[in-house]
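Below is one structure; the comments refer to it alone.
The values are calculated or read from the model by the stated rules, or taken from the named source; none is laboratory data. On a predicted model such as this, the values are computed, not experimentally measured, just so you know. Reconstructed Cβ throughout: ideal geometry from the backbone, glycine too, with neighbour counts over all protein chains shown. Surface areas here come from the heavy atoms of the whole protein model, side chains and all, with no ligands, DNA or RNA. Shrake-Rupley method; radii C 1.70, N 1.55, O 1.52, S 1.80 Å.
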Amino acid sequence: TITNWSGSTLEDFGVPRHPKRDELGDRTVPFGKSVYIERSDFFDLEGPEGEANGGRPPRGFKRLLPGEKVRLKYAYVISCDEVVRDETTNEPVELKCTLYPETRAGVTPEGEARVKGIVQWVEASAGARCRVMQYDRLFKAEEPGKESDDFTADLNKGSLKVVKDVIVEPSVAMDALDTIAQMRSNPDALENDKLYHSDLTYQFERSGYFALDSSSTAENLVFNRVVTLRDTWDAAPNNKNAKQPKKQNQQNNGGRKRGGGGGGQAPVVEDARRVALRAGTILEASPHPEADSLILLKLDCGDTNEDGEAEEPRTVVAGLAGKIPFNKLINRKVVCITNLKPAKMRGIESMAMLLAASNGKEGDDETVQLLDVPDSVPNGELLSFENMDEGEPDVMLKSKGALKVWDRVKSKLRVNENGEATYQDEDVVRKITTSAGPVKVSSLTDCTIS
């Protein structure tokens, strides 16, 4: 509930149907005094989840906290002032928040720090209710029956979850009603021109791809999840970087395949947001026993186990021999990539990768400088890209396709004229940032990062 919003008035925001396809047009998203957000986008420090985590938010959590700020995507920055609880369960049922009108539509007022957390929302009075069929894999194993010779033993009992009373934007309901009306008005259309329910498709953000079900009526809309966000075969269940599918109630980036609304499936997530760039501290540095050009590092990347206890530092093999003195490496806060597939380098497995800038020269003329992170940034913090949503890193970039994601990102990393690390995304240059400011190098400018 927005406590400083005036009455029951609504404000409309024009929002692109697709972030990269202008030809699909805009959709109208109403905003008002009461909005729904995902339960997972609020961490209750004073509730059971907060108690279980020692009264601290999860590492890297950038969404809404009591007393803190977050941006409602496309709209305003709000702060949470009060938590209203269910008298029986003590669960939050309402968050009373203050809106900052000067932050409308992504604006950060001069002199103020940019609010990093961004959450999806749906206005309560205008949102439409529907039923969602969350289909997943029919089998739990990639090769059903391989171990037991009985494929039925590998059936996934959770392959369908039905979620009722999902709240979606009103534009979704309007698109669905228009699709149903067009189908009824032209039942004898030729096959190539025929419209089907499933031609209406969306990506519900952070949830997956969905299509309108054939059982849908004007009074009862049903959407089927047809693709989850990412393949999770072999995903380690206790990996702290693992991303679980979120529930719906989120804003769509889709549209109609036919009938005037635009269509096609949006990219799951930008390449840069799939790479886990994290802050880490170098604890030890020594020569590689088998290679003069390599060194061994012990790196604290902020890894913890299920109980929240710190895990052993990662071993990193880096090609920095003769480039940076050992005494300038110890206790240095750096940028590391933590979700690349481990690789053996001259007999020693490297569990992460460091990012460094180079002047591009060869041999003794080459100058190499590590990307520096402010000392106040905690180890393990997920770094972000200026004016881009919070990252959603893959558990591990190990398939050929996933490794190409890193190749594409790597080719766009540069140090600008101010010595700041940037990501050159098409025509937009985005600084790589932390909770304490931008990532920099000590003296190099206008050079590559590798």
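What to note about this one:
- Some residue of segment 189-196 being within 36 Å of the chain's Cα centre (by Cα) and either farther than 21 Å from residue 21 by Cα or not β-branched (Val, Ile, Thr) (or both): yes
- Candidates 350, 411 - the one that is within 26 Å of residue 294 (Cα to Cα), surrounded by fewer than 19 Cβ atoms within 10 Å (Cβ to Cβ) and polar (S, T, N, Q): 411
- The residues listed here are 440, 404; of these, the one that is surrounded by 19 or more Cβ atoms within 10 Å (Cβ to Cβ), out of contact with any Leu (no Cβ under 7 Å at 6 or more places or on another chain) and basic (Lys, Arg) is 440.
- Of the residues screened, residue 339 is one that is within 30 Å of residue 55 (Cβ to Cβ) and in contact with a strand residue (DSSP E or B) (Cβ under 9 Å, 6 or more places away or on another chain).
- Count of residues meeting criterion [surrounded by fewer than 16 Cβ atoms within 10 Å (Cβ to Cβ) and within 27 Å of residue 217 (Cα to Cα)] in segment 112-134: 3
- Pick from segment 204-230, criterion touching a Gly at 6+ places or on another chain (Cβ under 6 Å) and outside any strand (DSSP E or B), ranking: surrounded by the most Cβ atoms within 10 Å (Cβ to Cβ): 229
- Hey, residue 17 closer than 25 Å to residue 383 by Cβ, surrounded by 14 or more Cβ atoms within 10 Å (Cβ to Cβ) and in contact with a Gly (Cβ under 7 Å, 6 or more places away or on another chain) or not: no
- As a summary of the residue check, residue 209 satisfies the conditions (1) farther than 25 Å from residue 24 by Cβ; (2) without any contact (Cβ under 8 Å) to a residue 60 or more places away in the chain; (3) not basic (Lys, Arg) except for the one numbered (1).
- Taking segment 425-435 as the range and being over 17 Å from the mean Cα position of the chain (by Cα) and at pLDDT 90 or above as the test, the residues that pass are 429, 431.
- Per the listing 132, 93, 119, the residue uniquely touching a Phe, Trp or Tyr at 6+ places or on another chain (Cβ under 7 Å) and either more than 30 Å from residue 214 (Cβ to Cβ) or modelled with pLDDT of 90 or more (or both) is 132.
- The conditions of being surrounded by fewer than 18 Cβ atoms within 10 Å (Cβ to Cβ) and farther than 28 Å from residue 49 by Cβ are met by residue 149.
- Hits in segment 364-384 - residues which are open to solvent by 50 Å² or more (accessible area, probe 1.4 Å) and outside any loop (DSSP other than H, G, I, E, B): 364, 365
- Any hit, segment 385-397, residues being part of a strand (DSSP E or B), open to solvent by 10 Å² or more (accessible area, probe 1.4 Å) and within 22 Å of residue 315 (Cα to Cα): no
- Restricted to segment 34-59, and to residues there that are touching a residue at least 40 places away in the same chain (Cβ under 8 Å) and surrounded by 18 or more Cβ atoms within 10 Å (Cβ to Cβ), the residue that is farthest from residue 105 (Cα to Cα) is 44.
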